[in-house]
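Heads up, the thing below is written out as structure tokens.
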Amino acid sequence: MLIPISWLKQYVPIKIPALELAHRLTMAGTEISEVKEVGADWGHDKVVIGHVLKVDPHPDADRLKIPSLDLGNGQTAQVVCGGPNLAAGQKIAFAREGAKLYNAKTGKVAKLKSSKIRGVISTGMVCSELELGLGEDHRGILVLPNDAPTGTPLVDYLGDAILSAEVTPNRPDCLSMLGIAHEVAALTGQTVTEPDRNYPENGDSINQQVIIDVTDADLCPRYAVSLIRGITVKESPDWLKDAIEKSGMRPINNIVDVTNYVMLEYGQPLHAFDYTTINEATVIIRTAHNKEKLITLDDEEREINPPILTIADPKRAIALAGVMGGRDSEVTETTTDVLLESANFEAINTRKTARSLGMSTEASYRYERGIRTELVPLALRRATKLILDLAGGCAAKGILDTSPTNKIYPPLRISDDKFERVLGTSISINRADEVLSSLGFNTSRTEDKSLAVEAPYWRTDISIEEDLVEEVARIIGYEDVPATLLSSEIPHQIPNPSRDLREQVRDALVAAGMQETISYPATSLNSMAKVGVSNSAGQAALPIANPMSSDMTHMRTTLRPSILDTLSFNRRVSHGSGFKLFEIGKIYLPNDDVNGYELPKEQEVLVGVFAGPSSQMSWLTTGNAMDFFYAKGVLEVVFRRLGLNVEYEAHDTDQILHPGKTALLNYKGNRIGVIGEIHPNVLDLFNIEDSPVALIEINLETLYSTLEGTSPTYTEVSRYPESERDIAILVDDEVSSAQIQHIIIRNKLVQSSTPFDLYTGDKIPAGKKSIGYRVTFRSNQSTLTRELVDKTRQSIVKQLERELGAELRD
Amino acid sequence: MGSPDHFNQRVMVTPISTKRVEDVKSDALNTLLHISDLDSLDEWRVQYLGRKGQLTQLLRGLSSAPENDRAQIGAAANIAKTVLEEQLRLREADLKAEHLSGVVDRERIDVTLPGLPVPEGKLHPTTRMVREITTAFASMGFQIEEGPEIEYERYNFDMLNIPSDHPARDMWDTLWIDQARPDGYRPLLLRTHTSPMQARVMENIDPPVRVVVPGKCYRYEATDSTHEWHFYQVEGLAVGEGITFADLKGTLYEFARRIFGEDRKIRFRCDFFPFVEPGVDMSISNFKDKDGNRPINRDEDWIEILGAGMVHPKVLEGVGYDPDRYTGFAFGMGVERIAMLKYGIDDIRLFYSNNTQFISQF
């Protein structure tokens, strides 16, 4: 909603600067997003009203003229002017040197300098609308009305400010000049003057000339018309065009402009029909017939169906109720008789109609928000008066008003405790009374010192006491309510172990050098297919009805494509670097619910990828390419931090992972995730040239559900020194390190053991590998003797030989 | 200098006496004066104090001395030993210090060379911001809760006093899940705000309630430098007896002070959200001027960071709370917008582009 201050002043005195007014409105709930000040840049006395005394031709240029100007106070000026419409006797806008004007050639605002044009010195300029920033017109100069006072700064005569208001959906009244005027009155201590609605009714009674038939009073609670005959359709006067233009609309003709003007004035949409086009002078408000056709004012032929409400005559629909008029009944240059409609249409049906037809008009926008039926006759009489003033003609006696009963807004009762209880500060009932009255509420004091309050006829948003609290608080100013800290009881804090675990995982991964990423949870079937997820039954992803784009059509059931896309993208912009990326995000798994009413299962999943060198290039070290074991090292850090004992089980059937370099992660017998190197074919699909790329994936939901008592438990610290022995053995390739470790570690004196050397190749028989373990022995009871340690080592070797067919290597 | 054997020989032939002890001592001290390195010092130690050193041998040969002199000679020898040991210790300390400072004097590294690269990771800026925000509220007694992103229309709108076909719905352009009931109704959507958790939390627990709910939200709207279709919010809700608008102000002021420090100014203005009454928009000053010398009525100097208000009685009724007994406040804020303001980020689209050059900055 655009609010020209010049227009607003007709209803309420404005005694504060536009910016201050904008600020007060903003603070009170009507946000002013922009204040456009017309003429603020010019320089106050740099542009003045001039009187063209005479016009001489330029000696050297046919197109240029040299007007002599009276600038008032005895000042004159002689300039060169190219405006073809310049003529003696006109009042014009004269800009002196230093005025800031829009330069159409450069497209910028610049200070005016004096110049010599074809040998004649020009010390100023006669301005066009465009140069002044008043409009688009640059073909000729701006000609002011004859009564414009010569010598007066133009900004005092024409200057204006236009406020751009973001009106919230609860305040359709603020989609009108009067609604805003009431706000301004309350915020500035002024009172509102209502516009003149009186006019002579010299014609025949309207009852004899029009028939109204409302067939559905629910969809059309009130419908009123007036009739004005013998009018002349013509261009509107300047003040009306100016008001319409500044409000962001286009002037059409005096009749249409009046209907728009009054709509903007009252917030009540109006429509003017050419009376003679209405068959049998009968207006029927009915729902559309099936597949009925109507050509609307925008020349679109529309097919309409129930429950769309139409205005019709006995033969056809002539308008879409509350949305747009029909072309066949519109007011044209030849129209002489106007049937003026002011009606109230039900909000939801109007909204549905506008949406179903893909239309949103000034009228539908207001009806959708629900406006008061009381506005109907007020706006009708106001518009009728203006039409008589501007187009002549003769108004029929009376108006037709079908249902002059209005929706009841029951009065509210409020006491001062309520203010205290909601706001936390006391507001006297006198102060509340004062504020509410200033907003136009009817108030009366009751015996119990509370206030009985009735909302004014333009307000639709007041139905409970809290609404009144807000009214008072917003006018007094939220800034004036004190700030206190919560003193009420603090509720029990309920532990949330799964969230804690997730955040620990996040921190552990970051500590291990990984970068967190967050990606969109919507993806495409194509993307999911790249990681081998088909959209077959059982793993179907949830489709989005109105996706943002064709690559985000479904809610993901895997995080793999997004992390690989992220890796691929970053590889392209910073090749050569290593990447350790992870995301903890949700997957969305549909329920098997046939009724489509169950929420999907949302599960948190961790996915991570490793690619490229393990560290930045350095003079101290060369980063090796990260592979399975780098990723596993990171996982081990994480699991150790969480106190989880996870087992790795070789796995060769993952959709995208290398069959020989992949392991399942098992925790307490549950499969919680997977680790592996990405299959080179899959890397190709994502345009990733690095090889290898390692991936980790953990379903945190499964992990949470398996967790119990993961807090670390204490093991006794030995006071005795440790001893180390190495065991190097030759075993079959198939024997896993885990099997060997299992045997070593089960021996009582063994504290820990770790493989330190692995060899396969020519120096040992095919199908065998050489593997060495450093074993640490320690006891809590005593210092171990050399003999005992050696004996235990011997025993371990025996066990390995017996159980795994190992051969000791020396 | 001769071998230890050679000394032994000599000792064997020299009769023991106090004078002899004194001679060895002064001989040792004299020699010590000329020793200038640790190796020679060690040889000196062996020569005089070692197992077969001169003084040790003297003591060992005490039995061959006349019985009357033994005590006197023994005492002299012990004194001599103590003196020599003390001198050895001092000389050794001096020589070590001299040696080390010599070594250190020669050792120089180029301290401007970079260190050994240690892997470093960073949290996503959104995660970091969510933690900062929730931590600020947690310290004021708010419990952190989370909820579903795919939500029923009922929780996302109806229970928040946003009826269908009301223009207020236009404030939240919605992405719908294409999954219909047999009657054609599509009940599921991507939540447009974290506010449905207000209803979910209140349905689950009795007052008093004090929660903050971080999480992802979605809107069907075109993206630009200040709009993302996918973003994070933190919702807050406090309901109980005697909770007021003044408490709302105090709580949010405290929050803003913790996140932004003391320099920024805060503004509360009236705004409309169907699930609160009175409704609030909290904005933060975008100017850096500490003194606040700028005219504060230039509304473009304020950036809206948060919507809030007193929980609407209809919302309380909807979850079975008695609005005559309980009052409360709710608020919701855009996490990215707060991060943008705090870190000076000028384009919200950077957040989920996952360009590591951006996300590794925080």
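Computed from Cα atoms alone, the Kirkwood hydrodynamic radius reported for segment A:723-809 is 13.2 Å. A crude spin-label estimate for the pair A:ARG250 and A:LEU525, with each label 7 Å from Cα along the Cβ direction, gives 4.4 nm.
Short version: which residues of segment A:417-465 lose at least 50 Å² of accessible area, all chains versus chain alone, 1.4 Å probe? Buried by 50 Å² or more upon assembly, which counts only protein chains, are A:ARG421, A:VAL422.
Only lysines eight or more places from A:LYS9 in sequence, or on another chain, were considered; those with a Cα closer than 21 Å are A:LYS36, A:LYS241, A:LYS246, A:LYS385.
Kirkwood hydrodynamic radius for segment B:18-167: how many Å is it when counted over pairs of different Cα atoms?
Numbers: mean 1/r = 0.0420 Å⁻¹.
Across segment B:18-167, the inverse of the average 1/r is 23.8 Å.
For segment B:203-242, the spread of Cα coordinates along the three principal axes comes to 42, 19, 13 Å, biggest extent given first. The mean count of C-beta atoms from other chains within 10 Å of the C-beta of residues in A:512-523, rounded to a whole number, is 6.
Between the DSSP loop rule and a limit of at most 11 other Cβ atoms within 10 Å, which trypsin sites (Lys or Arg not before Pro) in segment A:737-810 are left? Don't skip to the end; give the middle numbers.
On the way: sites: A:ARG746, A:LYS748, A:LYS763, A:LYS768, A:LYS769, A:ARG774, A:ARG778, A:ARG786, A:LYS791, A:ARG793, A:LYS798, A:ARG802, A:ARG809; in loops: A:ARG746, A:LYS748, A:LYS763, A:ARG778.
Those satisfying the criteria are A:ARG746, A:LYS748, A:LYS763.
Looking only at segment A:599-632, which residues have a backbone nitrogen under 15 Å from a spot 7 Å from the Cα of A:THR754 in the C-beta direction? Counting backbone N atoms under 15 Å from the label point, the list is A:630, A:632.
Restriction of the chymotrypsin sites (Phe, Trp or Tyr not before Pro) in segment A:701-810 to DSSP coil positions whose beta-carbon has at most 15 other beta-carbons within 10 angstrom yields A:TYR714. Segment A:1-68 and segment B:32-63 have Cα centres spaced 110 Å apart. Once every Cα of segment A:206-401 carries one equal point scatterer and solvent is ignored, give the base-10 log of I(q)/I(0) from the Debye formula at q = 0.08, 0.11, 0.14 Å⁻¹, two decimals. Debye output, listed in q order: -0.22, -0.43, -0.73. Cross-link partners for B:LYS25 among the lysines, with Cα-Cα distance under 17 Å and sequence neighbours closer than 8 places in the same chain left out: B:LYS52, B:LYS81. Principal axis extents of the Cα atoms in chain B, from largest to smallest and rounded to whole angstrom, are 125, 54, 45. Just the Cα atoms of segment A:412-480, one point each, no solvent: what log10 I(q)/I(0) does Debye give at q = 0.12, 0.18, 0.25 Å⁻¹? The Cα Debye sum returns log10 ratios of -0.25, -0.59, -1.19.
Across chain A, the longest piece that holds none of the GluC sites (Glu not before Pro) lying in DSSP loops with up to 10 other C-beta atoms within 10 Å covers A:448-707. A:ALA217 label point, 7 Å along Cα→Cβ, cut-off 20 Å on backbone N: hits in segment A:394-414? Backbone N within reach: A:399-410.
Starting from the coordinates of the alpha-carbon atoms of the protein assembly as shown, obtain the Kirkwood hydrodynamic radius over all distinct pairs and give the value in Å to one decimal. Write down the numbers at each step before the final one.
Values: mean 1/r = 0.0260 Å⁻¹.
It works out to 38.4 Å.
Heavy atoms of the protein chains alone define the surface here; on that basis segment B:16-90 has 58 Å² accessible area per residue at 1.4 Å probe size. Here A:LYS113 is the anchor, and the aspartates and glutamates within straight C-alpha reach of less than 16 Å, apart from those fewer than 8 places off in the same chain, are A:ASP41, A:ASP45, A:GLU97, A:GLU131. Length available on full extension from B:ASP173 to B:SER139: 0.36 nm per residue minus the Cα-Cα distance, which gives 8.8 nm.
Take the convex hull of the alpha carbons in segment A:603-672; its mean projected area over all directions comes to 6.2 nm².
Rounded to the nearest 20, the Cβ-based charge dipole of chain B about its Cα centre (Lys and Arg +1, Asp and Glu -1) stands at 1520 debye. The simple spin-label model puts a point 7 Å past each Cα toward its Cβ; for A:LEU2 and A:ASN681 those points are separated by 6.3 nm.
Both radii are taken from the alpha-carbon atoms of segment A:60-184; with Rh as the Kirkwood radius, Rg/Rh is 1.11.
How large is the convex hull of the C-alpha atoms of segment A:132-174 per residue, in Å³? If you can, show how the numbers build up before the last one.
Working: hull volume 5.8 nm³, N = 43.
Output value, Cα hull per residue: 135 Å³.
Fully extending the segment from A:TYR597 to A:ASP299, taken as 0.36 nm per residue of separation minus the present Cα-Cα distance, adds 102.9 nm.
Length gain on complete extension for the stretch B:VAL111 to B:GLU203, per 0.36 nm per residue less the alpha carbon to alpha carbon distance? Walk me through the numbers before you get to the answer.
On the way: separation 92, 0.36 × 92 = 33.12 nm, distance 6.26 nm.
Length difference between fully extended and current span is 26.9 nm.
For segment A:155-260, a Kirkwood radius taken over Cα pairs fed into Stokes-Einstein (10 °C, viscosity 1.306 mPa s) yields D = 89 µm²/s.
Can you compute the FRET efficiency between B:LEU33 and B:ILE79 using 1/(1 + (r/R0)^6), with r the Cβ-Cβ distance and R0 = 25 Å? Round to the nearest 0.05. All intermediate terms of the calculation are to be shown ahead of the outcome.
Details: r = 20 Å, r/R0 = 0.79.
For R0 = 25 Å, the calculated efficiency reads 0.80.
Mean projected area of the Cα convex hull of segment B:243-284, taken over all directions, amounts to 3.1 nm². For a Förster distance of 41 Å, can you work out the FRET efficiency between the beta-carbons of B:LYS52 and A:SER718, rounded to the nearest 0.05? The pair B:LYS52/A:SER718 has a calculated efficiency of 0.45. Working from Cα pairs under 8 Å separated by at least six residues, relative contact order for chain A is 8 percent. Note on A:MET617/B:GLU132: beta-carbon distance plugged into 1/(1 + (r/R0)^6) with R0 of 45 Å gives a FRET efficiency of 0.85. Sparsely packed loop sites in segment A:82-122 (the trypsin sites (Lys or Arg not before Pro) outside DSSP H, G, I, E and B with at most 16 other Cβ atoms within 10 Å) comprise A:LYS105, A:LYS113, A:ARG118.
Note on chain A: antiparallel DSSP beta bridges, both residues inside, total approximately 95 percent of the bridges counted.
The values are calculated or read from the model by the stated rules, or taken from the named source; none is laboratory data. Predicted model only: the values in this text are computed from it and were never measured. Note that each Cβ is placed from the backbone with ideal geometry, even for glycine, and that neighbours are counted across all protein chains shown. Just so you know, the surface numbers come from the protein's heavy atoms only, side chains and all, with ligands and any DNA or RNA stripped out. Shrake-Rupley method; radii C 1.70, N 1.55, O 1.52, S 1.80 Å.
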